[in-house]
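First up is the structure itself, then whatever we jot down about it.
Just so it is clear, none of the values below were taken in a lab; they were calculated from the coordinates. Bear in mind the structure is a predicted one, so any value in this text is a computation, not a measurement. We place every Cβ from the backbone using ideal geometry, glycine too, and count neighbours over all the protein chains shown.
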Amino acid sequence: MSTGGPTGEPGMPAAPDGSVAPAEERLAERLAGLSATEHPVAVRLAPVLRRLGHYDRLVYRAVARTHTPALDEPLRRLSDLANFSKPWFAVAALLAVAGGPTGRRAALTGVAAIGAASLVVNQPMKQLGGRSRPDRVLHEVPRPRWVEMPTSTSFPSGHSASAAAFAVSVGDVVPALRVPLRIAAGTVAFSRVHTGVHYPGDVAVGVVTGALLGRLVSRVGARIGRAEVRV
């Protein structure tokens, strides 16, 4: 197996199509090298991970090669707008100003969820994942879709995690916002694949991580609120 992909990273195995192998395939290589006697479950998991890596790139290429000129510009703008969680902070500010006590609690919960997701995803998970960004030229992502390629590692998607964390946590506090916020978060998550800066697997793991952290933060916030009422 080759030791360098299109990014020229030393020690980074290449996939059959010439791109840097996804994180799941690199993990599969490590698991396959273990002793089947000592680690039978890990060895059986290796082919499953390779299959996931294959489908990850397959879906990425399918999105890249789907002709969607009417969506390219709006999704590119949305993906750019979502940098640093700007839409979610704007919603939080609006809730804090116009939403009364419930809106302020929702705003605080949402911002806390974004903080938790950013901390977990952008530090330990990205460091452990170590996955290179997709090669947009190799996979033929149309240039009108392109946003600036982030310098951070690709796995998982921080944009998707923050969007899901905010949508779930605020939706728990203000149920009327649950559907619109989740639609908005899902659109932001898809835009990261559409613009070519993430593989679908990066986005899927980001969404799941963010949603779990959003739910955790909302539950902690609710418990704190109930404790303050009792006092």
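Scanning the stretch 65-118 for residues that are part of a loop (DSSP other than H, G, I, E, B) and either closer than 15 Å to ASP172 by Cα or of a type outside the set (D, E, K, R) (or both) returns THR66, HIS67, THR68, ALA82, GLY99. Among the residues of the stretch 149-165, those that are among the hydrophobic types (A, V, I, L, M, F, W, C) and surrounded by 15 or more Cβ atoms within 10 Å (Cβ to Cβ) comprise PHE155, ALA161, ALA163, ALA164, ALA165.
Criterion applied to LEU71, LEU78 was being under 22 Å from HIS159 (Cβ atoms), surrounded by 17 or more Cβ atoms within 10 Å (Cβ to Cβ) and not polar (S, T, N, Q), and the one residue passing it is LEU78.
Here VAL188 fits the description: in contact (Cβ under 8 Å) with a residue 60 or more places away in the chain and buried (at least 19 other Cβ atoms within 10 Å of the Cβ). When the criteria are applied in full, VAL168 fails the requirement of being surrounded by fewer than 23 Cβ atoms within 10 Å (Cβ to Cβ) and of a type in the set (A, V, I, L, M, F, W, C). Are any residues in the stretch 84-129 among the polar types (S, T, N, Q), out of contact with any Ser or Thr (no Cβ under 9 Å at 6 or more places or on another chain) and in contact (Cβ under 8 Å) with a residue 60 or more places away in the chain, and if so, which ones? Matches in the stretch 84-129: THR102 only. Exactly one residue out of ARG178, ARG215, ARG223, ARG182 is exposed (fewer than 15 other Cβ atoms within 10 Å of the Cβ), among the basic types (Lys, Arg) and farther than 16 Å from ARG61 by Cα, and it is ARG223.
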